[in-house]
Amino acid sequence: MESQLDTITVNGIEYVKADQYKKPSRAVVIVDRGWIFAGDVTRENGRIKLTRAVHVVKWSFIGFDRVIKDPKSPELTLKPIPNSVDIPEGAEVFCVPVPDDWGI
């Protein structure tokens, strides 16, 4: 007899089968008022949630293309955010996909 489970909950944490897990993609997200964040993006219920998030505090003497290309540049200041960032979907100006380790 074979049993099929889609999810299981252990100690209040819900787990899914590996073949159903969709890894969040990492992106730099520019939101209104000039805020710039990067993180692993999950979109649901009209919200954008960023985990493993960083805030792009400032950059000097380089363009935005270099910010995307070289997050370890000394001309760029990133600030880790200890918790996730939750952004209303309507506040997004644009989003740029980046490698999984961007800014970390």
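Throughout, read-outs are computed from the coordinates displayed, never taken from laboratory work. Since the structure is predicted, the reported quantities are computational estimates derived from the model, not experimental observations. Please note: Cβ atoms are built from the backbone with ideal geometry, for glycine as well, and neighbour counts cover all protein chains shown.
Take the stretch 90-104 and flag every residue that is surrounded by 12 or more Cβ atoms within 10 Å (Cβ to Cβ) and either of a type in the set (Asp, Glu) or closer than 19 Å to residue 33 by Cα (or both). Correct list: 91, 92, 93, 95, 96.
If you go through the stretch 63-104 and keep only what is part of a strand (DSSP E or B) and either more than 13 Å from residue 26 (Cβ to Cβ) or touching a Phe, Trp or Tyr at 6+ places or on another chain (Cβ under 7 Å) (or both), you end up with 76, 77, 78, 79, 80, 85, 86, 87, 88, 92, 93, 94. Need a quick list: strands (runs of 3 or more DSSP E) entirely within the stretch 1-62 having at least 2 residues that are free of Cβ contacts under 8 Å to residues at least 12 places away in the same chain. Because the criterion is at least 2 residues that are free of Cβ contacts under 8 Å to residues at least 12 places away in the same chain, the strands (runs of 3 or more DSSP E) in the stretch 1-62 that meet it are 7-10, 13-16. Across the stretch 45-53, a minimum of one residue is classified as among the hydroxyl-bearing types (Ser, Thr, Tyr) and in contact with an Asp or Glu (Cβ under 8 Å, 6 or more places away or on another chain). Please determine whether any residue of the stretch 19-38 is of a type in the set (Gly, Ala, Ser) and in contact with a Pro (Cβ under 7 Å, 6 or more places away or on another chain). Yes, because at least one residue in the stretch 19-38 is of a type in the set (Gly, Ala, Ser) and in contact with a Pro (Cβ under 7 Å, 6 or more places away or on another chain).
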